[in-house]
Amino acid sequence: MLKTIPTIISPEFMKVMMEMGHSDYMILADANFPGTSHARRIIRMDQVEIPELLEAIMKFFPLDHFIENPVKLMRNLPEEPVPEIWEEYRKILKEHNEERAFHDFEFLDRLSFYEEAEKAYVIVQTGDTARYANIMLQKGVC
């Protein structure tokens with residue numbers, strides 16, 4: 001055990017985050033995301049909700065401040081309400097925005113999000129069942 005690392009972050013997950021370089025990105029995926037079919041690397045965290053995991057990793061994970069929007073979400077359909085979970089993400093990201101890298105979300109259509117997922121350094125598959133909970137984070141420098 002190490003001090004101050006939340007137990008929600010497994011040794012494997014911490015290692016993967018440390019291996020990631022500038023501009024690599026990870027996806028925190030919900031339970032319905034086709035992670036296995038799109039992942040180069042996958043970490044299963046079926047007992048975890050994404051907001052809890054996002055809160056834990058943002059203490060360690062710098063966002064890329066060389067691009068306008070280092071955080072991407074899967075766009076909902078126009079006739080659907082704005083997913084409530086997005087406001088949770090916004091609050092967490094604003095709280096951990098020391099580098100001022102987070103300004104707002106970029107939105108990708110579902111199929112574009114899947115295409116990007118195939119290039120992600122890692123997909124973390126959670127048990128979150130909120131609709132449109134998938135979030136892509138691009139790593140910056142410390």
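The values are calculated or read from the model by the stated rules, or taken from the named source; none is laboratory data. Since the model is a prediction, treat every value here as computed from it, not as a measurement. As a convention, Cβ positions derive from the backbone with ideal geometry for all residues, glycine included, and neighbour counts pool all protein chains shown. Surface accessibility is based on the protein's heavy atoms, side chains included, excluding ligands, DNA and RNA. Shrake-Rupley method; radii C 1.70, N 1.55, O 1.52, S 1.80 Å.
Where a Cα-Cα gap under 22 Å defines reach, which lysines qualify for LYS94, not counting those fewer than 8 residues away within the same chain?
Partners found: LYS59, LYS72, LYS139.
Just in the stretch 94-141: which GluC sites (Glu not before Pro) are loop by DSSP and have at most 12 other Cβ atoms within 10 Å?
Hits after loop and neighbour filter: GLU98, GLU118.
State in Å² the accessible area per residue of the chain; use a 1.4 Å probe, count heavy atoms of protein chains only, and round to the nearest integer. Mind showing how you got there, number by number?
Values: 7730 Å² over 142 residues.
I get 54 Å² per residue for the chain.
In the chain, what percent of the accessible surface is made up of carbon and sulfur (1.4 Å probe, ligands and nucleic acids excluded)? The partial results should precede the final answer.
Values: 4080 of 7730 Å².
The computed percentage sits at 53.
When only Cα pairs under 8 Å and 6 or more residues apart are kept, what is the percent relative contact order across the chain?
Details: 249 pairs, mean separation 68.9, N = 142.
Computed value for the chain: 49 percent relative contact order.
Distance from the Cα centre of the stretch 94-136 to that of the stretch 1-69, in angstrom?
The distance from the Cα centre of the stretch 94-136 to that of the stretch 1-69 comes to 10 Å.
From zero outward in steps of 5 Å, how is the percent of C-alpha pairs of the stretch 77-131 spread across the bins?
Pair shares across the bins are 4, 13, 17, 25, 27, 12, 2, 0.
What figure, in Å² to the nearest 10, do you get for the accessible area of GLU68 with a 1.4 Å probe and non-protein molecules left out?
Counting only protein heavy atoms, GLU68 exposes about 140 Å² to solvent.
Tell me what the chain gives for mean residue ellipticity at 222 nm when only DSSP H runs of n ≥ 4 count, each as -39,500 (n - 2.57), the sum divided by the residue total, rounded to 500 deg cm²/dmol. Intermediate results must be reported in sequence, preceding the final value.
Numbers: 5 runs with 40 residues, N = 142.
Only helices count here, giving -7500 deg cm²/dmol.
Each residue of the stretch 102-111 in turn: what ³J(HN,Hα) in whole Hz from Karplus with 6.51, -1.76, 1.60 and θ = phi - 60°, glycine and Pro shown as x?
Residue by residue, the stretch 102-111 yields 8, 10, 6, 7, 9, 10, 10, 5, 3, 5 Hz.
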